[in-house]
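First the structure, in the form of structure tokens, and then the observations on it.
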Amino acid sequence: MEERLFLRAVKGGKNTKIITLNGKKMTKIPSTIGNLPGLKVLNLQKNLVSKVCSELSTLTQLTVLNLGNNLLEEVPEEVKYLTSLKNLHLFGNRINRFASGACDGLKNLILLNLNNNQLTYIPEEVSRLESLIYLSINHNQLTSIPRELCFLKNLSELQLNYNQIICIPEEIKFLKRLQKLLLARNNIEVLPGVLCRLTNLRILDIAGNVIQIFPTGFQHLKLKEFYCEGNPLFLKQPVGAVKQLDVLSLQEITSRFIMNELTERNPFLMEAIEWYPEIWDIISKGRKCAICGKSFFGMWIECVEFVSPSKNWKISKNLKLVPLRTLICSYQCFNLRGPNQFGVAQVQ
Ligand SMILES: [Zn+2]
């Protein structure tokens, strides 16, 4: 049956550029496809294909391959020979893995759509898709954003809605061209501070996660659309705070002293620190107090500061104030905080 349908579709003979056979209940791709070396577009959506034929690999002129809504269980190895391919649609299959080497030859791939599959991980090889601009893996079972994705330097749109992602890797900062990041309906608890370095980000959707607070600097992102409904965000409700004495550990006192002296470029310490790279390593992890600006190391008071979202953001209706995470060095500074800052908990 497939061959017959296929022959009918091949009207232009050997010069056929486009074949569309959507919803034809085809169970396989006919091997005669190998006789169409000039084929540019192959649409085989909504069929019953569970495996591609080896002749597919001869279609080196193919720029669009749509195998959406079929029965594939893997990203087939044959696609690695499709060196001209720009758009690859594999949504709505049963894909749970990439065949080994599948990403190898896809140097020109711009769009990859893997929505509605059963992927639990993305292999390292995905970093070979160096031209990729649009990547969509909504409705799968990913539990993390693979670090390798963060090395796709041309990526502008990343869609990972409806997965089970728990955290966002620090490497996300390498996605300098990212404009659209969709992470709705996952299990994300914390947004990393490096997210604020994505200066091209314009659309961010983190609706339906378990985020309580945003990193410092978040309010400066130049977003146009921001969606965050369905998160247990801190609300501006006054809670009484008990004033406590600051009792710092000796390590904390020493770290603070060294860090603050280095900020003031104390010449003796500047010279001495050269000899102790391990100490340099420790104090480079220091943070700055949101009130006095001085450094501290491992003890702080966590606060939430409520700021109005930027007027340019198109946002979730219920978001009146954005809760930002701020850290304060001592109760002395805590007592000097502004009216929009509230204590959360002391971390030691
Ligand atoms: Zn302070």
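The values are calculated or read from the model by the stated rules, or taken from the named source; none is laboratory data. Quick caveat, the model's predicted, so the values are computed rather than measured. Backbone-built Cβ (ideal geometry, glycine too); neighbour counts: all protein chains shown.
Considering the stretch 262-291, and only residues there that are assigned to a loop (DSSP other than H, G, I, E, B), within 16 Å of the ligand (Cβ to nearest atom) and of a type outside the set (V, I, T), the residue that is farthest from C329 (Cα to Cα) turns out to be E264.
Within the stretch 53-73, identify whether any single residue is modelled with pLDDT under 90, assigned by TED's automatic domain parsing to the domain that holds K86 and either under 25 Å from I110 (Cα atoms) or touching a Gly at 6+ places or on another chain (Cβ under 6 Å) (or both), and answer yes or no. So that I can check it myself, show each step before the final result.
Looking only at the stretch 53-73, we keep the residues that are modelled with pLDDT under 90, and these are none.
Checked against the condition, which is being modelled with pLDDT under 90, assigned by TED's automatic domain parsing to the domain that holds K86 and either under 25 Å from I110 (Cα atoms) or touching a Gly at 6+ places or on another chain (Cβ under 6 Å) (or both), the stretch 53-73 yields no hits at all.
Considering the stretch 239-261, the residues that are out of contact with any Phe, Trp or Tyr (no Cβ under 8 Å at 6 or more places or on another chain) and part of a loop (DSSP other than H, G, I, E, B) include one that is modelled with the lowest pLDDT, namely G240. What about N161, is it surrounded by fewer than 16 Cβ atoms within 10 Å (Cβ to Cβ) and more than 30 Å from N335 (Cα to Cα)? Taking the combined requirement at face value, the residue does not satisfy it.
Against the list (1) in the same structural domain as K173 (by TED's automatic domain parsing); (2) farther than 27 Å from I133 by Cα, the condition L235 fails is (1). If I ask for residues that are part of a strand (DSSP E or B) and within 19 Å of E252 (Cα to Cα), which ones from the stretch 292-325 would you list? Listed by number, the residues that qualify are S295, F296, W300, I301, E302.
Suppose we filter I133, I166 for residues that are within 21 Å of Y227 (Cα to Cα), assigned by TED's automatic domain parsing to the domain that holds L88 and not hydroxyl-bearing (S, T, Y); which single one remains?
On the way: I133 fails: within 21 Å of Y227 (Cα to Cα).
Only one candidate passes the filter, namely I166.
Given the criteria in contact with a helix residue (DSSP H, G or I) (Cβ under 8 Å, 6 or more places away or on another chain) and outside any loop (DSSP other than H, G, I, E, B), does L191 qualify?
Numbers: in contact with a helix residue (DSSP H, G or I) (Cβ under 8 Å, 6 or more places away or on another chain): yes; outside any loop (DSSP other than H, G, I, E, B): no.
So L191 fails the test.
Does M259 fit the bill of being within 14 Å of the ligand (Cβ to nearest atom), under 21 Å from G193 (Cα atoms), in contact with a helix residue (DSSP H, G or I) (Cβ under 7 Å, 6 or more places away or on another chain) and not small (G, A, S)?
Details: within 14 Å of the ligand (Cβ to nearest atom): yes; under 21 Å from G193 (Cα atoms): no; in contact with a helix residue (DSSP H, G or I) (Cβ under 7 Å, 6 or more places away or on another chain): yes; not small (G, A, S): yes.
No; evaluated as a whole, the condition is false for this residue.
Residue by residue through the stretch 48-73, note down the ones that are part of a loop (DSSP other than H, G, I, E, B), of a type outside the set (A, V, I, L, M) and at negative phi. Break it down into steps so the answer makes sense when it comes.
First pass over the stretch 48-73, keeping only residues part of a loop (DSSP other than H, G, I, E, B): 48-53, 59-63, 67-73.
Checking which are of a type outside the set (A, V, I, L, M) leaves us with 50-51, 53, 60-61, 63, 68-70, 73.
Residues satisfying the conditions are S50, K51, C53, T60, Q61, T63, G68, N70, E73.
One residue alone among T58, T83, T32, T63 is touching a strand residue (DSSP E or B) at 6+ places or on another chain (Cβ under 9 Å) and more than 22 Å from Q118 (Cα to Cα), and that residue is T63. Number of residues in the stretch 300-325 that are in contact with a Ser or Thr (Cβ under 7 Å, 6 or more places away or on another chain) and within 16 Å of the ligand (Cβ to nearest atom) equals 3.
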